[in-house]
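Colleague: Before anything else, here's the structure in question.
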Amino acid sequence: MIKKRLFSVAYMFGLTFFFTALVSGVYEVNEERIGINEQIKLQKVVLEVLGMEPEQGTPGKRVREIFGGRVKVEENEGRILYRGFTEDGKTLVGYAFPLYGAGFWGPIYGMMGVDPQLERVIGVSFYRHSETPGLGGRITEAWFKGQFAGKRLLPRGKEGKYFSLVTPGTARAEGDLDAITGATGTSRAVDRLLDETLKDYLPWIAREKAKGRV
Amino acid sequence: MATMKSRAIFVTGLWRENPVFRQILGICSALAVTNLLVNTLIMSLGLIFVTSMSNVTVSILRGVTPPRIRMMVQTLVIASYVIIVDITLKAYLPDISQALGPYVGLIITNCIIMGRCEAFARNNPVLPSLLDGIASGCGYAFVLLSVAFFREMLGFGTFFGVRVMPAAWTNWTIMVMAPGAFFMLGAFIWVVRSFGPKEEKPETAR
């Protein structure tokens, strides 16, 4: 009896070892490729919010070329900034920086592009999240992201908020945007993460600009 | 004799005991990934791979696996193959991998696979188990592709991304959303059960 039990344990251990090794092996072989794919995905997002989005279906290699030719990456003080240039690489088109914060279910990752004067938004995109599909998950939809394009970056009111997500149809001021009906949690989370990120990044970019670094 | 048997295995998996419309298994993914044919096809191929490979592995190990831990072994085997599929998709088809989202990982919980391991591979030699896995996987693929064909055509007006409906066609948005899958799947089961080949009446238990 005891022998049988020991065999079960040893057998399971051996089998688990074998399959874990197999899966790790497959991952090891493909790790680089997966890394490159993730990178291309991020590069596409940066290009999108800077208004330089390549056509849908553009091969990954081409995306990397465009990104390499038109975007410069700066990292400083734990912040990351992408600078987008015109095709000849001379004139600055805008800055892009990551939006990040807690969502309703999990972290939300996004990107925002702003013009070189830090006056207007070029574009916004959310590319990784765990929000409910069909409700909070709609933050990736064009109508939601599209609301940001061309909006002026003005701190408003006592709190100095740039944007507020309000009940659809009740937007009055420039910075009021439609929230998502049925996804109050996600809307509040996006509202907060925009507020926190913008108050952190915009002054920082302005300081860096004043120093002539970016 | 052998060919007769393989044929019987195929007919069983594809039709007589089709996992989706006879046993109503694998419905979760059948509803979730059937709004575009390309995604459905990749999902189906992944499932056929996992079902057949798990069946083969469980069958090879059938002599040594202690019966009391067989479920653990099956889960381990299935999960490993699913992760391999997931990694392969991420590396070679990143767009489709993203469109399928969590559903590739959820193949692990697809009842069809463990069902076949338990019901067939555990007691049968390797080759028939392989065939059984492929047959059940194909049975799943057949239903999903049929559902996806109509959902994509009515919902997007396309066939594998190529426009087939006339320009005046108004897309039925509901077909793209989850409820559309319920309608299509229900209609499919109804058509198959009512108009498909009649099956022998099972003996009624008294």
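Colleague: Check B:158, B:170 and return the single one that is more than 14 Å from chain A (Cβ to nearest Cβ), surrounded by fewer than 15 Cβ atoms within 10 Å (Cβ to Cβ) and of a type in the set (Ser, Thr, Tyr).
Modeller: Of B:158, B:170, the one residue that is more than 14 Å from chain A (Cβ to nearest Cβ), surrounded by fewer than 15 Cβ atoms within 10 Å (Cβ to Cβ) and of a type in the set (Ser, Thr, Tyr) is B:170.
Colleague: Looking only at region B:129-158, which residues are under 28 Å from residue B:69 (Cα atoms) and in contact with a Lys or Arg (Cβ under 7 Å, 6 or more places away or on another chain)?
Modeller: Those that are under 28 Å from residue B:69 (Cα atoms) and in contact with a Lys or Arg (Cβ under 7 Å, 6 or more places away or on another chain): B:132, B:133, B:136.
Colleague: Hey, another quick one. Condition check: within 13 Å of chain A (Cβ to nearest Cβ), surrounded by 19 or more Cβ atoms within 10 Å (Cβ to Cβ) and modelled with pLDDT of 90 or more. Does residue B:57 satisfy that?
Modeller: Criteria met by residue B:57.
Colleague: Considering only region A:138-157, I want to know if a residue exists there that is buried (at least 18 other Cβ atoms within 10 Å of the Cβ) and over 24 Å from residue A:201 (Cα atoms).
Modeller: Yes: one or more hits.
Colleague: Given the conditions (1) surrounded by 13 or more Cβ atoms within 10 Å (Cβ to Cβ); (2) more than 10 Å from chain B (Cβ to nearest Cβ), which single one is not true for residue A:15?
Modeller: Of (1) surrounded by 13 or more Cβ atoms within 10 Å (Cβ to Cβ); (2) more than 10 Å from chain B (Cβ to nearest Cβ), only one is false for residue A:15: (2).
Colleague: What are the residue pairs meeting all of these: first residue in region B:176-193, first residue in contact (Cβ under 8 Å) with a residue 60 or more places away in the chain, second residue among the hydrophobic types (A, V, I, L, M, F, W, C) and outside any helix (DSSP H, G or I), Cβ atoms under 6 Å, and 6 or more apart or on different chains?
Modeller: B:189/B:21; B:192/B:21
Colleague: In addition: Of all the residues that make up region B:81-112, how many are modelled with pLDDT of 90 or more and either acidic (Asp, Glu) or under 18 Å from the mean Cα position of the chain (by Cα) (or both)?
Modeller: 7
Colleague: Which numbered condition trips up residue B:71, out of (1) hydrophobic (A, V, I, L, M, F, W, C); (2) more than 22 Å from residue A:26 (Cβ to Cβ); (3) within 15 Å of the chain's Cα centre (by Cα)?
Modeller: Only one criterion is unmet by residue B:71, namely (3).
Colleague: Would you please name the residue that is nearest to residue A:141 (Cα to Cα), looking only at residues in region A:68-118 that are in contact with a helix residue (DSSP H, G or I) (Cβ under 8 Å, 6 or more places away or on another chain) and of a type in the set (Ser, Thr, Tyr)?
Modeller: Ranking the qualifying residues of region A:68-118, first place goes to A:100.
Colleague: Being of a type in the set (Val, Ile, Thr) and touching a Phe, Trp or Tyr at 6+ places or on another chain (Cβ under 7 Å) is the filter; apply it to region B:78-129 and report the residue that is nearest to the other protein chains (Cβ to nearest Cβ).
Modeller: The extreme case among them is B:87.
Colleague: Taking region A:37-59 only, how many residues are in a helix (DSSP H, G or I), closer than 23 Å to residue A:88 by Cβ and within 12 Å of chain B (Cβ to nearest Cβ)?
Modeller: Residues in region A:37-59 being in a helix (DSSP H, G or I), closer than 23 Å to residue A:88 by Cβ and within 12 Å of chain B (Cβ to nearest Cβ): 1 in total.
Colleague: Among the listed residues A:181, A:170, A:132, identify the single one that is in contact with a Phe, Trp or Tyr (Cβ under 9 Å, 6 or more places away or on another chain), modelled with pLDDT under 90 and part of a loop (DSSP other than H, G, I, E, B).
Modeller: So the residue among A:181, A:170, A:132 that is in contact with a Phe, Trp or Tyr (Cβ under 9 Å, 6 or more places away or on another chain), modelled with pLDDT under 90 and part of a loop (DSSP other than H, G, I, E, B) is A:132.
Colleague: Of these, A:90, A:72, which one is part of a loop (DSSP other than H, G, I, E, B) and without any contact (Cβ under 8 Å) to a residue 40 or more places away in the chain?
Modeller: A:90
The values are calculated or read from the model by the stated rules, or taken from the named source; none is laboratory data. Everything numeric in this text was worked out from a predicted model, so none of it was measured. All Cβ positions, even for glycine, are placed from backbone atoms using ideal geometry, and neighbour counts span all protein chains on display.
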